[in-house]
Each structure stands twice: as structure tokens, then as C-alpha cells.
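Here is the structure we will look at.
No lab work stands behind these numbers, since they all come straight from the coordinates. On a predicted model such as this, the values are computed, not experimentally measured, just so you know. Note: ideal-geometry Cβ built from the backbone for every residue, glycine included; neighbour counts use all protein chains shown.
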Amino acid sequence: MNILFFGPNGSGKGTQGAIIKKKYNIPHIETGVIFRDNIARGTELGKKAKDYIDRGELVPDSITIPMILNRLKEEDCRNGWLLDGFPRNLNQAKELHKALGEEGMNVDIVIEIVLDRQIAKNRIMGRRLCVNDNNHPNNIYIDAIKPDGDRCRICGGELKTRSDDQDEAAIDKRHDIYYDDKEGTMAAINYFKELSKNNNGVPKIVEIDGRPGVKEVTEELLSKLG
Ligand code: AMP
């Protein structure tokens, strides 16, 4: 199963992604995680990507597209993948579709978590990352997932903020890219919606209301995936 997973920063995508990964037993490939991992390890790729990420800008397509297309060729992707954070603009969407077509593959499902821009922004600024597991949800502004004091509510681990999470200008920039329906992520989503219309519902489009709590969003997601 090949799945694209869309949602603005702050929509709880990482948390829901972990659930989808489990349901289909496919790797959860998060572009942002790959970049941050490379930055932490001080690789050439990380050095190239860091300044863009800190400014909230997209890393250039010339770096990102080959990185992801190569990742999808790895052994663990044989039975499918869940792609999260890519494509992030119209060009990446077209290039992905083209590259898959050349391999006789396609996207099976497109999931979109729909969330208002202002709500998404508040959620990002309250987000705390558990040093033990990225997917332990902690947010100081969301009652259901409030940390346990200053520790992770799941495992008691130390909590950190992402440097690009506390920078309002960077958040606005990321959202400018996401909500841009001319060239940005919305344009990428619409590209696949249009494909679906012209291709008998392939990929299947699954829209989820991101406003309720984590549990409710998961329930809607799982019931729509069937
Ligand atoms: P995320 O963890 O998804 O919020 O991504 C963090 C940052 O990584 C983004 O703000 C971008 O700078 C960069 N990034 C992630 N995905 C992409 C992508 N598909 N294309 C270009 N840059 C990306």
C-alpha cells in the first residue's frame, strides 16, 4: 500500500502516521525526520539542509526529490510506504507521480488532515518532543495530551522543543507553503485529487477533520480507511 499523508504542521500528523504505519505494516517515511537526523549526524546533506529548515523554507527540490525517490527504492519499501512531508509542493507531486509511473507504481491512498491555520499554529507552539520517542504526543496547549509536569506523559522522558517550533515567523512561513494552492502543498494535494477524479477514484482520497482530540481523529481515520 502506497500512502501519501498530508496535514499542516501542527495537525497531529506524526501521531496519526504512527498508527497508519502499524495498520499496514509499512515504513513511515518523514522527510523532516530524515533531514533532522542528517543534521544531528553532521552529514553533508544535513549541512546543506540546516539553514533552509531553520528559516522555515523548503529545502531545494534538487536535494529533496532524489533523497526521497532513493529512499522509496530501499528494501523495506517493497510492500509499500507511508510518505509524510513529501510532496510538499506541486513540482514534487508531479515528479513523484512521474517517477512512480516509470516503475509501474502508483499512489493508492491520499490522506489529508484538514485543519484551520490558526489552530495549527497554536498547536505547534505548544508541542514538546520526547527524547525517547518522537511519537509520544505532548502539547502544553492541548488538555488531552498535556505533559506530566515537564516530563513526557507516556514514558516520563525528558521533553524538548524543536528550534523551528518556537519561531513564529518560521511557522508562518511553513504555513504559507502548506496553504498555498498555486504552487505549494495544497496544490500538491489538489493535483492528486484531480488525478483521482480522472482515474476512477485512484488514489482513494481520505479527508479527516483535524479539530477533535487525537483519539477522535484516529477513530475517524481508521473507520474511513476501512
Ligand atoms: P517537518 O518535520 O515536516 O515539519 O519538516 C521540517 C522542515 O524540513 C521543513 O520546514 C522544511 O524546511 C524541510 N522539509 C521537510 N519536507 C520537505 C520537502 N518535502 N521539501 C523540502 N523541504 C522539506
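Contact order for the chain, expressed relative to its length and based on alpha carbon pairs under 8 Å spaced 6+ residues apart, stands at 27 percent. Spin-label model, Glu216/Asp176: points 7 Å from Cα along the beta carbon direction are separated by 3.3 nm.
Isolated cysteines in the chain, defined as those with no second cysteine Cβ under 4.7 Å, comprise Cys77, Cys155. Most simply put, region 22-172 has about 60% antiparallel DSSP beta bridges, counting only bridges with both residues inside it.
Cross-link check: pairs Lys47/Lys182; Lys13/Lys197; Lys22/Lys48; Lys23/Lys215 evaluated at a Cα-Cα cut-off of 23 Å; pairs beyond the cut-off: Lys47/Lys182; Lys13/Lys197; Lys22/Lys48.
Placing a pseudo-label 7 Å from each Cα along the Cα-to-Cβ vector at Asp150 and Asp54 gives an inter-label distance of 2.5 nm.
Taking trypsin sites (Lys or Arg not before Pro) across region 166-226, the ones in a DSSP loop with at most 16 further Cβ atoms lying within 10 angstrom of their Cβ are Lys182. Applying 0.36 nm per residue to the separation of Lys193 and Lys94 and subtracting their alpha-carbon distance, the gain on full extension is 34.4 nm.
3J(HN,Hα) couplings calculated from phi for region 167-176 with the Karplus curve 6.51 cos²θ - 1.76 cosθ + 1.60 (θ = phi - 60°) are, in sequence order, 9, 4, 5, 5, 5, 4, 5, 4, 6, 4 Hz; Gly and Pro show x.
Treating r as the C-beta distance of Asp108 and Lys22 and R0 as 22 Å, the FRET efficiency rounds to 0.80. In order along region 178-195, the phi-based Karplus estimate (6.51 cos²θ - 1.76 cosθ + 1.60, θ = phi - 60°) of 3J(HN,Hα) comes to 4, 7, 6, 9, 8, 10, x, 5, 4, 5, 5, 4, 5, 4, 6, 5, 5, 4 Hz; Gly and Pro are listed as x. Per residue, the chain reaches -14500 deg cm²/dmol at 222 nm when only DSSP H runs of four or more residues are counted, each adding -39500 (n - 2.57).
The charge dipole of the chain, taken about its Cα centre with unit charges on the Cβ atoms of Lys, Arg (+1), Asp and Glu (-1) only, comes to about 280 debye. Two numbers describe the Cα atoms of the chain: Rg and Dmax, which are 16.9, 51 Å. Local charge for Lys48 was computed over the other residues whose Cβ lies under 15 Å away, with Lys and Arg +1 and Asp and Glu -1, and equals -1.
Stretched out straight at 0.36 nm per residue, the stretch from Ile63 to Arg162 would grow longer than its current Cα-Cα span by 33.4 nm.
Normalising the average separation of contacting C-alpha pairs (under 8 angstrom, six or more residues apart) by the number of residues puts the relative contact order of region 1-100 at 42 percent.
A Förster distance of 35 Å, applied to the separation of the beta-carbon atoms of Tyr141 and Asn70, puts the FRET efficiency at 0.40. Of Gly126, Gly184, Gly42, the residue with the greatest mean-square motion in the GNM of the chain, using alpha carbon springs below 10 Å, is Gly42.
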